[in-house]
Structure formats: C-alpha cells, structure tokens
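Have a look at the structure below, then the notes.
Any read-out appearing in this document is the output of simple, stated calculations on the displayed coordinates, not a laboratory observation. Remember, it's a predicted structure, so these values are computed and weren't measured experimentally. Cβ: placed from backbone, ideal geometry, glycine included. Neighbour counts: every protein chain shown.
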Amino acid sequence: MPSLPPIYSLRAFEAAARLNSFKKAADELNLTSAAIAHQVKNLEQGLGVEMFQRHSRGVELNEAGQKYLEIAQSLLGDFKRKTQIFKAQYEAQPMRIGALHVVSERLVLPLVQKFLNHFPDVKAELIADLIEPDFRTGNLDIMIWHGETPPDEFVTMRVLSERLTPVCSPELLREYPDGMTLDDLLSVPALYDLYWDEDWNYWLSEVDGPELKNSLGFSLYSALIQTAIDGGGVAIGHTGLLDKEISSGRLVKPFEQEIVAPKSYFVLTSEENLNKPNVRVFWDWIRAEKEKVSKQ
C-alpha cells in the first residue's frame, strides 16, 4: 500500500467512524457494506493500526480510531474546500456575500448593484443574518462585517465609518416648537435596534444626556425606522444606513450632536478566496471606490 492512503479509503473510514456503522456508511456513499469494510481494512493494514472494535453487534471506534477520525475529517474538509476554490478559478460561480440583515439590505445591496453595473458578467448572491465570518465551508466568499477590530486571520479592508445621531419624523419634531431638549427624551419612546442596544448609551454619554427609561427595541431595523417615520418615537440612527430617509426629509435630526460610532464596516475575506477572479475583481473595485471618495 502507498505511504499515503487513497482518498476513497479515507472517505469510507470517515463515514464509518462518524456513523459508527459500516452499513450506514455504505448507504451514505452508495456502496456495499463489504466494500466499506474492505476499504477500512486496507487503511488499517496500511497504517498498521486497528481503529475499530469488531463484534457481533457491529463495529465501534476505538481510541486510535478517534484520533485518526480527527485527521481524516481535517484532511477531507481541507481537500473539499480547496477543490471548491480551485474550481471557482476556472468556472463562473456566484460570488457569495454575507452580512447582517440590515447591513445586507441597506449597505451591501446598493454596493453590489453599483459593482454589477460595472461588471455585468459577474454573478452574486447576498446572504443575510450572518454575524461572524466562516470561510472554511466554502459557502461564503466575502463578508461585510460590523465591529471595532476585525479578526486577525482574515484579509480586511475598512469600507465605511459612520456617526450616531437621533432621528425622528418631522411631525414629531414640530410638537416641540422651541426644539427638542435632552430632557424631552424622557417622555418620548427611545427606539433602538436589539443588535445595537448600546447605541443610545454611546450617544447619551457623549452629550451628557439623561438615563432613558421609556424605550422600545426592535429585532428588525426596518420596523425600527418605520416606527420613527410614523412618529412613534426617536430612534438612534446610523448615518451610513439612513441616507435615503434623511435626504428625503422623512426623518430629521432633532439634535445637532453627532458622535463617531465605535464600530465600522469592514470587508472580510480569506487569502484563498482572493484567488477567485470574481472576489479579486470585487475587492479591487471596492479599494478603487474608496480611493475616489478619499480624493473628493
């Protein structure tokens, strides 16, 4: 037997070890139980180690088998992921971009639409409700991540910093002819997003505002903004996500004070993903767009 086991033996062993059954492994791999048993036996002979306890009721993974299962799963997982990346270099696969739902809707979608106007041959898929990046599975190429410091293991680029400021409907603000004061916030519902539940505290601590008691949180940013538009309270807003509402006048700023948000938006990917042509084109395009903005 060669010094390295063949891939089919590793697959047979991994399935049998994970399922603790030659029969179940055979069903999963569309083989016979005898074929699974033969491949596992060849693997054991090549390694010089038995990895299953065989008895009348079936098979059971032993201690050596447990250790080798970790090796096999790591190798097979890495092989699958790198094969997907290799294939992507030679065939047009959709570029998969993940983000939080609100970030995907309000930031990523316009960004990708603008990109596709320049590169109409590229296919893209948006994946919402992702909090943390995971490029190991091969199901994600890029993530627009919101936070203070991105993880060190990824290739990162800051794409947007923003400010926090309260916003409300013009109709609500007209109820305060002399202007809304910080103390008025005690009698008006303070609206916030549950994922960004510290935003009001950040802003109030910078402007020496009162401790809020009348508040309402939302798991959907769109519901939060619509409630503010409908006059249901004052929302703590992210300027990077509210351009349309503020420029159209549907939302106004009752206070002049804005603060720099502690978190920014970053594009994250892996070194391997940058080998994919579409990912590289998108990455370089974002970098060029940033340079244009910085020169304005």
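Annotation: amide H-H contacts under 5 Å for Arg250 (H modelled 1.01 Å from N, sequence separation of 5 or more, or interchain): none.
Within the listed set Ala25, Ala190, Ala228, the Gaussian network model of the chain (springs between alpha-carbon atoms below 10 Å) gives the highest mean-square fluctuation for Ala25. For the pair region 166-245 / region 101-140, the C-alpha centres are spaced 29 Å from each other.
Can you put Met157, Met143, Met180 in order, fewest other beta carbons within 10 Å first?
On the way: Met157 14, Met143 27, Met180 18.
Neighbour counts put them in this order, fewest first: Met157, Met180, Met143.
Shown in residue order for region 118-134 are the 3J(HN,Hα) couplings computed by the Karplus curve 6.51 cos²θ - 1.76 cosθ + 1.60 at θ = phi - 60°: 8, 10, x, 7, 7, 9, 9, 10, 9, 10, 9, 6, 9, 9, 10, x, 9 Hz (x for Gly and Pro).
I need to check one value: relative contact order of the chain, counting alpha carbon pairs closer than 8 Å and at least 6 residues apart, in percent. Don't skip to the answer; put the middle values down first.
Details: 416 pairs, mean separation 59.2, N = 296.
20 percent.
Starting from region 175-212, pick out the GluC sites (Glu not before Pro) whose DSSP state is loop and whose Cβ has at most 15 other Cβ atoms within 10 Å. It would help to have the intermediate numbers written out before the result.
Values: sites: Glu175, Glu198, Glu206, Glu211; in loops: Glu175, Glu198, Glu211.
Those that pass, being in a loop and sparsely packed, are Glu175, Glu198, Glu211.
Angle of helix 7-19 to the longest C-alpha principal axis of the chain, folded into 0 to 90 degrees and rounded to 10: 70°. Within the listed set Leu126, Leu274, Leu185, the residue fluctuating most in the Gaussian network model of the chain (springs between alpha-carbon atoms under 10 angstrom) is Leu185.
Scan (1) 1, 6, 13, 18, 19, 17, 13, 7, 4, 1, 0, 0; (2) 1, 5, 10, 12, 11, 9, 9, 8, 8, 7, 6, 5, 4, 3, 2, 1, 0, 0; (3) 1, 5, 11, 14, 16, 16, 13, 9, 7, 5, 3, 1, 0, 0 for the value of P(r) over Cα pairs in 5 Å bins from 0, in percent calculated from this model and give just the label. Working out P(r) over Cα pairs in 5 Å bins from 0, in percent from the coordinates points to (2). Rounded to the nearest 20, the Cβ-based charge dipole of the chain about its Cα centre (Lys and Arg +1, Asp and Glu -1) stands at 1700 debye. Proximity of backbone amide H atoms, modeled 1.01 Å from N, is registered between Arg163 and Thr239, Gly240, Ala261 at under 5 Å, excluding neighbours fewer than 5 places apart on the same chain.
Backbone geometry of region 204-218 corresponds, through the Karplus equation with coefficients 6.51, -1.76 and 1.60 at θ = phi - 60°, to 3J(HN,Hα) couplings of 5, 5, 7, 10, 6, x, x, 7, 6, 10, 9, 9, 9, x, 10 Hz, x marking Gly and Pro. Calculated mean residue ellipticity, 222 nm, the chain: -12500 deg cm²/dmol, from DSSP H runs (n ≥ 4) at -39500 (n - 2.57) each, averaged per residue and rounded to 500. Under 5 Å from the amide H of Phe52 lie the amide H atoms of Asn62, each residue being 5 or more positions distant or on a separate chain, with H modelled from the backbone and absent for Pro and chain starts.
Springs between Cα atoms under 10 Å define the GNM used for the chain, and in it the highest mean-square fluctuation of Val281, Val108, Val49 occurs at Val49.
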